[in-house]
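Take a look at the structure below.
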Amino acid sequence: MKVRGQNSCFESRDYDLPPDLAWNLLKNTIRILDFPVMSEVSEKYSLIIQKETTQISILIQETASGCKIIADAMAKGIRLFDWGQSTKAVDKFYDELERQITLHKIAGQKKYCPQCGQSININANFCEYCGNRI
Ligand SMILES: [Zn+2]
């Protein structure tokens, strides 16, 4: 669900991830985007980030199927050319977050060769590094 105002943007998306995992992926996301953290309450999975004049409050809530990640953005010091800036920041946030979730899911599909320890395809019958039968 997305609600856009003139200088604000509220969005909520559902994910099939436990909140603690979503929190770790969220922390990676804001590090990669270089969104400085203004305040953080880890126990409540909530934090506030600020990029230039846009401030975004982010909250993770547990749901029956995983969690909900809510981003509430507000552009400070309203100028005409700022309109839409908060929406862009929120879009950028979710794009990177979903990229992190995809990377995490791909990494989870790997398995390791018990003989040489190399990471190999989940469906492989033989290790492509040492030839060991899996
Ligand atoms: Zn091997």
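Here is a check on your reading of the model: is Thr53 among the β-branched types (Val, Ile, Thr) and in contact with a Gly (Cβ under 9 Å, 6 or more places away or on another chain)? Please lay out each step first, then the result.
Working: among the β-branched types (Val, Ile, Thr): yes; in contact with a Gly (Cβ under 9 Å, 6 or more places away or on another chain): yes.
Criteria met by Thr53.
So, in the range 103-123, exactly how many residues are over 26 Å from Ala22 (Cα atoms), of a type in the set (S, T, N, Q) and surrounded by 11 or more Cβ atoms within 10 Å (Cβ to Cβ)?
First, pick out the residues of the range 103-123 that are over 26 Å from Ala22 (Cα atoms): 113-118, 123.
In the following step, the residues that additionally are of a type in the set (S, T, N, Q) were identified as 115, 118, 123.
So of that shortlist, the ones also surrounded by 11 or more Cβ atoms within 10 Å (Cβ to Cβ) come out as 115, 118.
Going through the range 103-123 one residue at a time, the tally reaches 2.
Mind listing whichever residues of the range 10-42 are surrounded by 13 or more Cβ atoms within 10 Å (Cβ to Cβ), assigned to a helix (DSSP H, G or I) and touching an Asp or Glu at 6+ places or on another chain (Cβ under 8 Å)?
The answer is Pro19, Thr29, Leu33.
Considering only residues of the range 89-134 that are in a helix (DSSP H, G or I) and touching a strand residue (DSSP E or B) at 6+ places or on another chain (Cβ under 8 Å), which is nearest to the ligand (Cβ to nearest atom)?
First, pick out the residues of the range 89-134 that are in a helix (DSSP H, G or I): 89-108.
With touching a strand residue (DSSP E or B) at 6+ places or on another chain (Cβ under 8 Å) added as a condition, the list becomes 89-90, 93-94, 97, 101.
On the way: Ala89: 45, Val90: 44, Phe93: 39, Tyr94: 38, Leu97: 34, Ile101: 29 Å.
Ranking the qualifying residues of the range 89-134, first place goes to Ile101.
It is to be established whether one or more residues within the range 74-93 are closer than 14 Å to Lys27 by Cα and out of contact with any Phe, Trp or Tyr (no Cβ under 6 Å at 6 or more places or on another chain).
Applying the first criterion (closer than 14 Å to Lys27 by Cα) to the range 74-93 yields 93.
Checking the rest, the ones that are also out of contact with any Phe, Trp or Tyr (no Cβ under 6 Å at 6 or more places or on another chain) come to 93.
Within the range 74-93, one or more residues are closer than 14 Å to Lys27 by Cα and out of contact with any Phe, Trp or Tyr (no Cβ under 6 Å at 6 or more places or on another chain).
None of the figures in this text is laboratory data; all of them are computed from the coordinates on show. Since this is a predicted model, take the numbers as computed values, not measurements. We place every Cβ from the backbone using ideal geometry, glycine too, and count neighbours over all the protein chains shown.
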